[in-house]
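Visitor: Pasting a structure below so you can have a look.
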Amino acid sequence: MKQFVPGDLDAAVIQEGLCIGCGACIHLCPYFQSYRGKTARLFPCTLKEGRCFAYCPKVEVDLDGISRFLFGKRYDSAPLGTYRSIHVSRAGEKVKKSSFQAGGTVSALMYFALREKLIRGAILTGRKELLPTPQLVEKPAAVFRHGLSKYTAAPTLAALNEAIEKGCDNLGIVVTPCQATAVAQMRMNPMGNPSFEDPTALVIGLFCTWALDFRRFEAFLAQEVPLKEIVRIDIPPPPASVLEVYLQDEKLVFPLDKIRPLVPDTCGYCPDMTAEFADLSVGVLEGRGDMNTIIIRTERGERIAREAERQGYIILEEMPQENREHLEWAAANKKRRGLLRSREAGKLNGEEGKTYMRLSAEVIDEILINGKEDAPCHT
């Protein structure tokens, strides 16, 4: 188990530039705080072991251990991770008039889960101007006020920790892949608390190739547009390769080549594009900005998704083979790039307490062979 002190976390993650600001170490103690996208250790800590280190998704991540805990099987080289089924999806008739981005699958599922009392609260990420602001939502209608994409790293897990400290349980949460890894580690009870109970009832993961550094992104946009006039931001699915900024009366378009320099280095180490450790994973369907891809991974995820479909909150359809093949290609390449970068930096199976992740040599070899830079061909 990951049992190292907060000082080790500061040295191995924050000082090494690996921190993504996910919030997993916030609201556990007074030592770590998040401010405008950055995490900092405020005071030294003398604890012999800490939840902050145990939960962090950027140090001593045992991919095989997490997979065995969640799915009862070893972590392998499958590009999309372990799953039960994969579909095209969108919000159904019950919520079609509501406000959401892309296909609306995530908002519809969280709304349904709250309305049917399958979860007691939902940890979502809203926005104060451009700044991502995570919070606990308990009323179903409030879900749709948090449905717009942010594209910047957010301390979402700080709100989860805060809710748990207040005694909340049976929580739903929407997370990025690195945050899904942190939540999985929380659920493993790494500190061996005898009274521990899993606080989550539904974990929905978002597809993510990278997240933007909030401060750098804000500074970039401030040079281009009045920040207070931004209504929403969107990155359409491939092959668009642009970022769209919507103002009240106009839309500005920026090539992604101008945006990628704002991605923090830590995203380059990540091997997970599709939130492999979530119950359900959702992304925008390639070539269809009004549809989603949904990957059903766990029993509880399938139970909620199927019931939401039955009651008309979401629509599930068969996924075209071409879309599936390209998704697997993209996910395999991110996995391969992440492992190569981690290995080159000595962060793959490295020094105890200082490495990013651990994985068997056999699976590493399989991933490096399977990842291909050439896109799949279709006739």
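Visitor: Can you tell which of Leu280, Leu252 is crowded, with 24+ Cβ neighbours inside 10 Å and either farther than 23 Å from Gln179 by Cβ or in contact with a strand residue (DSSP E or B) (Cβ under 6 Å, 6 or more places away or on another chain) (or both)? Please lay out each step first, then the result.
Guide: On the way: Leu252 fails: crowded, with 24+ Cβ neighbours inside 10 Å.
Going through Leu280, Leu252 in turn, just one is crowded, with 24+ Cβ neighbours inside 10 Å and either farther than 23 Å from Gln179 by Cβ or in contact with a strand residue (DSSP E or B) (Cβ under 6 Å, 6 or more places away or on another chain) (or both): Leu280.
Visitor: Inside the stretch 306-321, can you point out the residues that are among the charged types (D, E, K, R), surrounded by 15 or more Cβ atoms within 10 Å (Cβ to Cβ) and within 12 Å of His87 (Cβ to Cβ)?
Guide: Filtering the stretch 306-321 down to residues among the charged types (D, E, K, R) leaves 306-307, 309-310, 317-318.
Okay, now just the ones that are also surrounded by 15 or more Cβ atoms within 10 Å (Cβ to Cβ), so 307, 309.
Across the stretch 306-321, the qualifying residue is only Glu309.
Visitor: Assuming Ile314 fulfils every condition listed in (1) more than 19 Å from the chain's Cα centre (by Cα); (2) at positive phi; (3) modelled with pLDDT of 95 or more apart from one, which condition is it?
Guide: (2)
Visitor: Is it the case that some residue within the stretch 238-247 is touching a Pro at 6+ places or on another chain (Cβ under 9 Å) and charged (D, E, K, R)? Steps first, please.
Guide: Filtering the stretch 238-247 for residues touching a Pro at 6+ places or on another chain (Cβ under 9 Å) gives 241-244, 247.
With charged (D, E, K, R) added as a condition, the list becomes 244.
Within the stretch 238-247 (the criterion being touching a Pro at 6+ places or on another chain (Cβ under 9 Å) and charged (D, E, K, R)), the answer is yes, since at least one residue qualifies.
Visitor: Hey, among the residues in the stretch 120-144 that are touching a Leu at 6+ places or on another chain (Cβ under 7 Å) and in a helix (DSSP H, G or I), which one's nearest to Ser34 (Cα to Cα)?
Guide: Val143
Visitor: Of the conditions (1) on the phi > 0 side of the Ramachandran plot; (2) touching a Gly at 6+ places or on another chain (Cβ under 6 Å), Arg336 clears all except one; give me its number.
Guide: (1)
Visitor: Now for a separate question. So which of Ala201, Ala159 ends up being crowded, with 23+ Cβ neighbours inside 10 Å and either within 25 Å of Val61 (Cα to Cα) or not small (Gly, Ala, Ser) (or both)?
Guide: Ala159
Visitor: From the list Glu302, Glu307, exactly one residue is closer than 13 Å to Ala113 by Cβ and assigned to a helix (DSSP H, G or I). Which is it?
Guide: Details: Glu302 fails: closer than 13 Å to Ala113 by Cβ.
Glu307 is the lone residue from the list that is closer than 13 Å to Ala113 by Cβ and assigned to a helix (DSSP H, G or I).
Visitor: Another question, then. Looking only at the stretch 274-297, filter to residues that are of a type in the set (D, E, K, R) and in a loop (DSSP other than H, G, I, E, B); which one of those is farthest from Asn323 (Cα to Cα)? Break it down stepwise before answering.
Guide: Of the stretch 274-297, the ones of a type in the set (D, E, K, R) are 276, 279, 286, 288, 290, 297.
Filter once more, keeping what is in a loop (DSSP other than H, G, I, E, B): 276, 279, 286, 297.
On the way: Glu276: 18, Asp279: 21, Glu286: 7, Arg297: 18 Å.
Among residues in the stretch 274-297 that are of a type in the set (D, E, K, R) and in a loop (DSSP other than H, G, I, E, B), the one farthest from Asn323 (Cα to Cα) is Asp279.
Visitor: If we keep just the residues of the stretch 197-212 that are more than 11 Å from Ala180 (Cα to Cα) and of a type in the set (Val, Ile, Thr), which is modelled with the highest pLDDT?
Guide: The extreme case among them is Thr200.
Visitor: Could you list, in sequence order, all residues of the stretch 118-163 that are touching a residue at least 60 places away in the same chain (Cβ under 8 Å), small (Gly, Ala, Ser) and under 17 Å from Phe207 (Cα atoms)?
Guide: Ser149, Ala153, Ala154
Visitor: Return the residue satisfying two criteria in turn: it lies in the stretch 77-97 and is of a type in the set (Lys, Arg) and either assigned to a helix (DSSP H, G or I) or touching a residue at least 24 places away in the same chain (Cβ under 8 Å) (or both), and of such residues it is surrounded by the most Cβ atoms within 10 Å (Cβ to Cβ).
Guide: Narrowing the stretch 77-97 to residues of a type in the set (Lys, Arg): 84, 90, 94, 96-97.
Filter once more, keeping what is either assigned to a helix (DSSP H, G or I) or touching a residue at least 24 places away in the same chain (Cβ under 8 Å) (or both): 84, 90, 94.
On the way: Arg84: 13, Arg90: 21, Lys94: 16.
For the stretch 77-97, the residue satisfying everything is Arg90.
Visitor: Of the residues Pro264, Pro239, which is out of contact with any helix residue (DSSP H, G or I) (no Cβ under 6 Å at 6 or more places or on another chain), surrounded by fewer than 19 Cβ atoms within 10 Å (Cβ to Cβ) and either more than 18 Å from Ser89 (Cβ to Cβ) or of a type in the set (Phe, Trp, Tyr) (or both)? Please lay out each step first, then the result.
Guide: Numbers: Pro264 fails: surrounded by fewer than 19 Cβ atoms within 10 Å (Cβ to Cβ).
Checking each option against the conditions leaves just Pro239.
Visitor: Of everything in the stretch 351-363 that's within 18 Å of Tyr75 (Cβ to Cβ) and without any contact (Cβ under 8 Å) to a residue 24 or more places away in the chain, which residue is surrounded by the most Cβ atoms within 10 Å (Cβ to Cβ)? Can you show your working first?
Guide: First pass over the stretch 351-363, keeping only residues within 18 Å of Tyr75 (Cβ to Cβ): 355-363.
Next cut, without any contact (Cβ under 8 Å) to a residue 24 or more places away in the chain only: 361-362.
Numbers: Ala361: 8, Glu362: 11.
Taking the candidates together, the pick is Glu362.
Visitor: Follow-up. Please work out if Leu9 is assigned to a helix (DSSP H, G or I) and closer than 30 Å to Ile315 by Cα.
Guide: Criteria not met by Leu9.
Visitor: For the stretch 166-273, give me every one of the strands (runs of 3 or more DSSP E) that falls completely inside it and has 3 or more residues that are within 30 Å of Arg358 (Cα to Cα). Give the steps one after another, and end with the answer.
Guide: On the way: elements: 171-175, 200-206, 230-234, 242-247, 251-255.
Answer list for the stretch 166-273: 171-175, 200-206.
Visitor: For Arg74, all conditions in the list (1) surrounded by fewer than 18 Cβ atoms within 10 Å (Cβ to Cβ); (2) farther than 23 Å from Tyr269 by Cβ hold save one; what is the number of the exception?
Guide: Of everything listed in (1) surrounded by fewer than 18 Cβ atoms within 10 Å (Cβ to Cβ); (2) farther than 23 Å from Tyr269 by Cβ, Arg74 misses just condition (2).
Visitor: Does any residue of the stretch 257-271 turn out to be under 27 Å from Glu318 (Cα atoms), under 15 Å from the mean Cα position of the chain (by Cα) and modelled with pLDDT of 95 or more? Full working, then the answer.
Guide: First, pick out the residues of the stretch 257-271 that are under 27 Å from Glu318 (Cα atoms): 271.
Add one more test, that the residue is under 15 Å from the mean Cα position of the chain (by Cα), and what stays is 271.
If we keep only those that are modelled with pLDDT of 95 or more as well, we get 271.
Scanning the stretch 257-271 turns up at least one residue that is under 27 Å from Glu318 (Cα atoms), under 15 Å from the mean Cα position of the chain (by Cα) and modelled with pLDDT of 95 or more.
Visitor: Across the stretch 162-194, what is the number of residues that are surrounded by fewer than 17 Cβ atoms within 10 Å (Cβ to Cβ) and of a type in the set (D, E, K, R)?
Guide: The qualifying residues number 3.
Visitor: Could you grab me the full set of residues in the stretch 12-66 that are in contact (Cβ under 8 Å) with a residue 60 or more places away in the chain, in a helix (DSSP H, G or I) and in contact with a Ser or Thr (Cβ under 9 Å, 6 or more places away or on another chain)?
Guide: Passing the criteria: Ala12, Leu63, Asp64, Ile66.
Visitor: Next up: Got a sec? Which of Phe112, Phe100 is assigned to a loop (DSSP other than H, G, I, E, B), of a type outside the set (S, T, N, Q) and buried (at least 18 other Cβ atoms within 10 Å of the Cβ)? First the steps, then the outcome.
Guide: On the way: Phe112 fails: assigned to a loop (DSSP other than H, G, I, E, B).
Phe100 is the lone residue from the list that is assigned to a loop (DSSP other than H, G, I, E, B), of a type outside the set (S, T, N, Q) and buried (at least 18 other Cβ atoms within 10 Å of the Cβ).
The values are calculated or read from the model by the stated rules, or taken from the named source; none is laboratory data. For clarity, every value in this text was computed on a predicted model and none was experimentally measured. Quick reminder, even Gly has a Cβ in these numbers, built from the backbone with ideal geometry, and neighbours come from all protein chains shown.
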